[in-house]
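Everything on this sheet refers to the single structure shown next.
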Amino acid sequence: MAGGLSTLFEDAPWMKVAWEEARKNVKEIRGTGRSKTNSDILKYLESVTNEIGKKSYLYIPVEEKGKGIGDKGLKGDEIAWCSAFVNWCIEQAGMVGVDHLGAKKWKKWTNGKAISGAVPVPGAITVLSRGHVGFLVYRENGQVLMLGGNQGDMVCLASYDAAGVDSYIWPNGHEDGLKRQLTGANYCDLYTEVNSACEIPRKYGKVGTT
């Protein structure tokens, strides 16, 4: 691996976690019930809470004939899980996440802070005004390339209109990594690696789900 990605993974270890998940080609399984839910997406969901503050068991698919926990229990991986993916990656990197399914909850994350001047820094948790969250890889030509979950119903790279970015968030305790990424010294290497020999899925064109 050349310098761009290796430096990013060093400065933003949550990106390495996310990248490794993307290499697994994680996708939703059509249908409801335990047998039609991707086990990897299930683990992301298990890292967050639902709207009433309990662990996300309400979103974990029950057996097809199970009863008693309502319709949400049957949705499995077909709910919005972008925030769950970010949360799981952050936790795997040794931090405490936002612990919520809401993408915009990351704006008020107590373990991170908004990047001054909203500079698009590779590795930043990127919140879109449309209600989506993922990790920034780079910004170019009015687009932000994000690595995230529930992008076209999978973990992949996908581009979004940069004008739709609400905020960029950087985890506390990784300020040295932020400083290095702000210099842009490895940006060209990163861009080249991602676009020449990319080993993870990438969605082109408009991404219809968040």
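The values are calculated or read from the model by the stated rules, or taken from the named source; none is laboratory data. Please read all numbers here as calculations on a predicted model, not as lab measurements. FYI the Cβ positions are ideal-geometry reconstructions off the backbone, even for glycines, and counts take in every protein chain you see.
If I go through region 90-148 residue by residue, how many of them are exposed (fewer than 14 other Cβ atoms within 10 Å of the Cβ), closer than 22 Å to Lys179 by Cβ and small (Gly, Ala, Ser)?
Total meeting the criteria: 4.
Of (1) more than 28 Å from Glu28 (Cα to Cα); (2) exposed (fewer than 13 other Cβ atoms within 10 Å of the Cβ); (3) of a type outside the set (Gly, Ala, Ser), Asp189 satisfies all except one. Which?
Going through (1) more than 28 Å from Glu28 (Cα to Cα); (2) exposed (fewer than 13 other Cβ atoms within 10 Å of the Cβ); (3) of a type outside the set (Gly, Ala, Ser) one by one, Asp189 breaks only (2).
Anything in region 179-201 that is more than 25 Å from Arg23 (Cα to Cα) and not small (Gly, Ala, Ser)? List them, or say none.
Across region 179-201, the qualifying residues are Lys179, Arg180, Leu182, Thr183.
Please give the number of the condition Arg30 fails out of (1) modelled with pLDDT under 90; (2) farther than 24 Å from His100 by Cβ; (3) outside any loop (DSSP other than H, G, I, E, B).
(3)
Out of everything in region 69-106 that is of a type in the set (Val, Ile, Thr) and modelled with pLDDT under 95, what residue ends up being farthest from Asp161 (Cα to Cα)?
Top of the filtered list is Ile69.
Given the structure, is Gly148 touching a residue at least 60 places away in the same chain (Cβ under 8 Å) and touching a His at 6+ places or on another chain (Cβ under 8 Å)?
Yes, satisfied.
Taking the criterion of being within 12 Å of the chain's Cα centre (by Cα) and modelled with pLDDT of 95 or more, would at least one residue in region 107-122 satisfy it?
no
Quick one: is Ala162 modelled with pLDDT of 95 or more and closer than 22 Å to Thr7 by Cα?
So Ala162 fails the test.
I'm trying to understand the selection: among the residues of region 105-129, which are in a loop (DSSP other than H, G, I, E, B) and closer than 23 Å to Val26 by Cα?
Filtering region 105-129 for residues in a loop (DSSP other than H, G, I, E, B) gives 109-111, 115, 119-124, 129.
Within region 105-129, Pro122, Gly123, Ala124 meet the criteria.
Which residues, taken from region 160-189, are under 20 Å from Trp106 (Cβ atoms), free of Cβ contacts under 8 Å to residues at least 24 places away in the same chain and not charged (D, E, K, R)?
Ala163
Residues in region 138-155: is at least one among the acidic types (Asp, Glu) and in a strand (DSSP E or B)?
Yes.
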